[in-house]
Each structure stands twice: as structure tokens, then as C-alpha cells.
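I have placed the structure first, in the form of C-alpha cells, so that the comments after it can refer back to it.
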Amino acid sequence: MPRKFARSFSYAWAGLCCVARTQRNFWIHGAIGLGTLSLAVCLGLPRQELAIILAMCTLVLAMEIANTAVEFLVDVLCPQHDPRYGRVKDIMAAAVLTSALGSVAVGVVLMAQPIWLLLQP
């Protein structure tokens, strides 16, 4: 059992490395997430709110990973352009966008007041 677990972990790590090597948006989302989490820590948000922000950042990165998997699969199944496969890619990109916009909304809800109070004279 430990060998199978180690092997599946190594496959997952290889997938993560592949995404990190090939997807600029993964790095962009990661940097924004890290910046947001750092700001939340600096604002002194409670642990529960930090956990929510961390969960939202993780969701966006996971959606970016899923989007990459779908794009690679579509490219293998249909190397030539086909609007039906293009639609699949567009829908997956919409899922990433939806999670990113939701994360922004959560960040605004959790951090708007502390930022506002910080900016008051």
C-alpha cells in the first residue's frame, strides 16, 4: 500500500510540475493568491477568515489545473480546430473565471472594512 500511495503522489507531483512549467495563468493566480493572503495576514484577519481566503486561492489554482488537463485532452483528441472542442475549452475557462471572480468577492467582503479602517486618518 505505501508504494502505491507514493507512486500516485509522484504522478500528482509530476502533474503539478507540468502545470507550473507550462501555464502562465497558474503563476499569475498563485502570485495574486499569495499577495492576497499576505495582505490578509498583515491586516490581522482572524484565522477563520485566513482559512477562507486560503481555500478560495486553492480553489482557483485547482480550477486552473483542471482547465489545463481539459485543454491537453482536447488537443490530443482533436489536434485540428473544431468549434465543438473549442466550446469545451471555453466552458472550462469560464469555470476558472467564475472561481477567480468568486475569490475576489470573498476577498472584498473579508478585507474591505479592515482596509477602510486602516486608511482612515
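The values are calculated or read from the model by the stated rules, or taken from the named source; none is laboratory data. No experiment lies behind these values; they were computed from the predicted model shown. Cβ atoms come from the backbone with ideal geometry, glycine included; neighbour counts cover every protein chain shown. When the accessible area is computed, the model is the full protein with side chains, heavy atoms only, and any ligands, DNA or RNA have been set aside. Shrake-Rupley method; radii C 1.70, N 1.55, O 1.52, S 1.80 Å.
Scan segment 56-76 and give yes if some residue there is over 21 Å from residue 24 (Cα atoms) and surrounded by fewer than 17 Cβ atoms within 10 Å (Cβ to Cβ), otherwise no. Steps first, answer last, please.
Of all residues in segment 56-76, those over 21 Å from residue 24 (Cα atoms) come to none.
The answer is no, given that none of the residues of segment 56-76 is over 21 Å from residue 24 (Cα atoms) and surrounded by fewer than 17 Cβ atoms within 10 Å (Cβ to Cβ).
Restricting attention to segment 22-36, which residues are over 13 Å from the mean Cα position of the chain (by Cα) and either open to solvent by 50 Å² or more (accessible area, probe 1.4 Å) or closer than 17 Å to residue 63 by Cβ (or both)? Show your work before the answer.
To start, the set of residues in segment 22-36 that are over 13 Å from the mean Cα position of the chain (by Cα) comprises 22, 35.
Correct list: 22 only.
Is it the case, given these coordinates, that residue 53 is crowded, with 16+ Cβ neighbours inside 10 Å, out of contact with any Cys (no Cβ under 7 Å at 6 or more places or on another chain), of a type outside the set (Asp, Glu) and in a helix (DSSP H, G or I)?
It is true that residue 53 is crowded, with 16+ Cβ neighbours inside 10 Å, out of contact with any Cys (no Cβ under 7 Å at 6 or more places or on another chain), of a type outside the set (Asp, Glu) and in a helix (DSSP H, G or I).
Please go through (1) out of contact with any Ser or Thr (no Cβ under 6 Å at 6 or more places or on another chain); (2) open to solvent by 60 Å² or more (accessible area, probe 1.4 Å); (3) not polar (S, T, N, Q) for residue 43 and return the number of the only condition it doesn't satisfy.
For residue 43, the failing item is (2).
For segment 78-101, indicate whether the set of residues that are open to solvent by 90 Å² or more (accessible area, probe 1.4 Å), closer than 30 Å to residue 120 by Cβ and in a helix (DSSP H, G or I) is non-empty.
Yes, because at least one residue in segment 78-101 is open to solvent by 90 Å² or more (accessible area, probe 1.4 Å), closer than 30 Å to residue 120 by Cβ and in a helix (DSSP H, G or I).
Is it the case that residue 112 is modelled with pLDDT of 95 or more and surrounded by fewer than 11 Cβ atoms within 10 Å (Cβ to Cβ)?
yes
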